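The values are calculated or read from the model by the stated rules, or taken from the named source; none is laboratory data. Predicted model only: the values in this text are computed from it and were never measured. Note that each Cβ is placed from the backbone with ideal geometry, even for glycine, and that neighbours are counted across all protein chains shown. Note: accessible area is taken over every heavy atom of the protein model, side chains too, but ligands, DNA and RNA are not part of it. Shrake-Rupley method; radii C 1.70, N 1.55, O 1.52, S 1.80 Å.
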Amino acid sequence: MALATKPSLPAQRRVWKAPITKAWWIWLAVSLLLYGIVYALYLIAIKTQPFPGPFNDPLRSFGIVSFLLVLASATYSLRRRFVRGLPGMARDWLWMHTWIGITAVWIALLHENYAHILHNYCQNASCFTQSYWGTSALLALIFLVLSAIIGRLLDTWQAHVIARDASMNGVGIARALEESILELEYTVERLSAGKSEQFKAFCLQALEGTISLPSNIPALEPGEQADFQRTYETLVARANLAQSLQKQKRARLIIRTWRSVHIVLACLALFIILFHGVMELLTNVLHIIRPI
């Protein structure tokens, strides 16, 4: 019987529990230290320069730092999908991706001296294409990081939904649920073999309903009552597990959908940021291209 062969609870928890990592604090400390240094230089520039802006050092250098941080943050996707042999857990790289991305936004704001955000607001659409799409690159970076933070919270929420459900259903996560549901269906088939048509029809209807049982209980012979009671209990257990499986699949679908949307947004934002960063480097740093 499927109900008598449950895996032990500690073994399941090792599967659901995320590995412990100190990367959260390490990368937060690195990001705060880097931003503190950059902000100190920003304050000095504000007090010593008459017209500080993105075309003069050190604010121009802040743009380069922010651009490099964006590229460093993007390496998380390489680690996760292509170069999985790199050292460190994927969760460590995720925290790097998160904190470095947030730091890149704050340094980019210093690079622009908060222009078009806190002052000197855009008056027309040409503002977004000036300086090789500088304002668009900044807004794209801000929007990308905000969407990533929202998605991270959504991902954590749904992961907790899956873990909590796996702890309560008595079986575990989706794969174990599917195996247990299949085993319960085999049990129903064995119990209904050789029984009356009413018995078999009820079982067939219950199996087709997935998470709900038929309300009409068939009138059966006294000799089938005991097997029907066992069958009904098995169907109830199957319906509960099916409902749990549906809940976990819905949570996983939400996570996958957000990640797909985030990847598309990241590609669009990264294209704009790369265009602005490369053109600024070629024009105002390396002087390979003449300014337009």
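What accessible area per residue comes out for the chain, rounded to a whole number of Å², with a 1.4 Å probe?
Working: 17570 Å² over 292 residues.
Roughly 60 Å² per residue, with all protein chains present.
In the chain, what is the count of Lys pairs whose alpha carbons are under 28 Å apart, counting only pairs at least 8 residues apart or on separate chains? Don't jump to the answer; show the numbers that get you there.
Numbers: Lys6/Lys17; Lys6/Lys200; Lys6/Lys247; Lys6/Lys249; Lys17/Lys247; Lys17/Lys249.
Lysine pairs, 8 or more places apart or on different chains, close enough: 6.
If we count every other residue with Cβ under 15 angstrom of Leu207's Cβ, Lys/Arg +1 and Asp/Glu -1, where does the sum land? Walk me through the numbers before you get to the answer.
Values: positive: Arg190, Lys195, Lys200, Arg238; negative: Glu178, Glu183, Glu185, Glu189, Glu208, Glu233.
Neighbour charge sum, excluding Leu207 itself: -2.
Could you calculate the contour length gain from Thr156 to Asn120, that is, 0.36 nm times the residue separation minus the distance between their Cα atoms, to one decimal place in nm? Don't skip to the end; give the middle numbers.
Details: separation 36, 0.36 × 36 = 12.96 nm, distance 3.78 nm.
Contour length minus the Cα-Cα distance gives 9.2 nm.
Quick one: if the Förster radius is 25 Å, what FRET efficiency do Gln246 and Leu28 give, using the C-beta to C-beta distance and rounding to 0.05? Don't skip to the answer; put the middle values down first.
On the way: r = 37 Å, r/R0 = 1.49.
That pair, Gln246 with Leu28, gives E of 0.10.
Take the alpha carbon atoms of segment 46-113, find their center, do the same for segment 221-249, and report the distance between the two centers in whole angstrom.
Cα centres, segment 46-113 to segment 221-249: 55 Å.
Leaving out ligands, DNA and RNA, and with a 1.4 Å probe, what % of the accessible surface on the chain is carbon or sulfur?
Numbers: 11610 of 17570 Å².
That fraction is 66 percent.
Hey, what's the Cα Rg ratio for segment 208-267 versus the globular rule of thumb, 2.2 N^0.38 Å?
Details: Rg = 19.8 Å, N = 60, 2.2 N^0.38 = 10.4 Å.
Its radius of gyration relative to the 2.2 N^0.38 Å reference: 1.90.
Every cysteine in the chain with no other Cys Cβ under 4.7 Å from its Cβ, please list them in numeric order.
Lone cysteines by the Cβ rule: Cys203, Cys267.
To test your reading of the geometry: what angle, between 0 and 90 degrees and rounded to tens, separates the Cα axis of helix 197-209 from the longest principal axis of the chain?
Result, in degrees: 10.
Give me the angle, in degrees from 0 to 90, between the Cα long axis of helix 225-280 and the longest principal axis of the Cα atoms of the chain, rounded to the nearest 10.
Tilt relative to the chain: about 10 degrees.
Report the full-extension gain for the segment Glu189 to Ile46: residue separation times 0.36 nm, less the Cα-Cα distance, to one decimal in nm. Don't skip to the end; give the middle numbers.
Working: separation 143, 0.36 × 143 = 51.48 nm, distance 7.86 nm.
That works out to 43.6 nm of additional length.
Let's see if you can work this out: charge +1 on each Lys and Arg Cβ, -1 on each Asp and Glu Cβ, no other charges. What is the dipole magnitude of segment 132-280 about its Cα centre, in debye to the nearest 20? Please report the intermediate quantities before stating the final value.
Values: 14 positive and 14 negative charges, 112 e Å.
Computed about the Cα centre, the dipole is about 540 debye.
Report Rg(Cα)/(2.2 N^0.38 Å) for the chain, keeping two decimals. Intermediate values should be presented prior to the final figure.
Numbers: Rg = 29.0 Å, N = 292, 2.2 N^0.38 = 19.0 Å.
Relative to the 2.2 N^0.38 Å estimate, the chain comes out at 1.53.
DSSP loop chymotrypsin sites (Phe, Trp or Tyr not before Pro) in segment 97-129 with at most 13 other Cβ atoms within 10 Å of their Cβ, which ones?
Numbers: sites: Trp99, Trp106, Tyr114, Tyr121, Phe128; in loops: Tyr114, Tyr121.
Hits after loop and neighbour filter: Tyr114, Tyr121.
Relative to the Cα centre, what is the charge dipole magnitude of the chain, using +1 at the beta carbon of each Lys and Arg, -1 at the beta carbon of each Asp and Glu, and rounding to the nearest 20 debye? Could the numbers behind the result be given before it?
Values: 27 positive and 17 negative charges, 154 e Å.
Roughly 740 debye for the chain.
Roughly how much of Ser126 is accessible, in Å² to the nearest 10, using a 1.4 Å probe?
Accessible area of Ser126: about 60 Å².
Which residues make up the longest stretch of the chain that has no trypsin sites (Lys or Arg not before Pro) in a DSSP loop with at most 12 other Cβ atoms within 10 Å? Before the final figure, lay out each step's value.
On the way: sites that count: Lys17, Lys22, Arg84.
Of all site-free stretches, the longest is 85-292.
Counting helices only, and only those DSSP H runs with n ≥ 4, report the 222 nm mean residue ellipticity of the chain as the sum of -39,500 (n - 2.57) divided by its residues, in deg cm²/dmol to the nearest 500.
Details: 8 runs with 206 residues, N = 292.
The helix contribution divided over the chain gives -25000 deg cm²/dmol.
Pick out, from Ser167, Ile107, Gln225, the residue whose Cα sits farthest towards the positive end of the charge dipole of the chain, with +1 on the Cβ of Lys and Arg and -1 on the Cβ of Asp and Glu.
Farthest along the dipole direction, towards plus: Ile107.
How far apart, in nm, are the 7 Å Cα→Cβ label points at Leu274 and Glu208?
About 5.3 nm, to one decimal.
Once you have the Kirkwood Rh of segment 146-249 from its Cα pairs, apply Stokes-Einstein at 10 °C and 1.306 mPa s and quote D in µm²/s.
On the way: Rh = 15.3 Å.
The estimated diffusion coefficient comes to 104 µm²/s.
Could you give the Stokes-Einstein D for segment 89-151 in µm² per second, using the C-alpha Kirkwood radius, 4 °C, 1.567 mPa s? Don't jump to the answer; show the numbers that get you there.
Details: Rh = 12.8 Å.
Calculated translational D: 101 µm²/s.
In degrees from 0 to 90, rounded to the nearest 10, what is the angle of the helix 90-111 Cα long axis to the longest principal axis of the chain?
Approximately 30 degrees, to the nearest 10.
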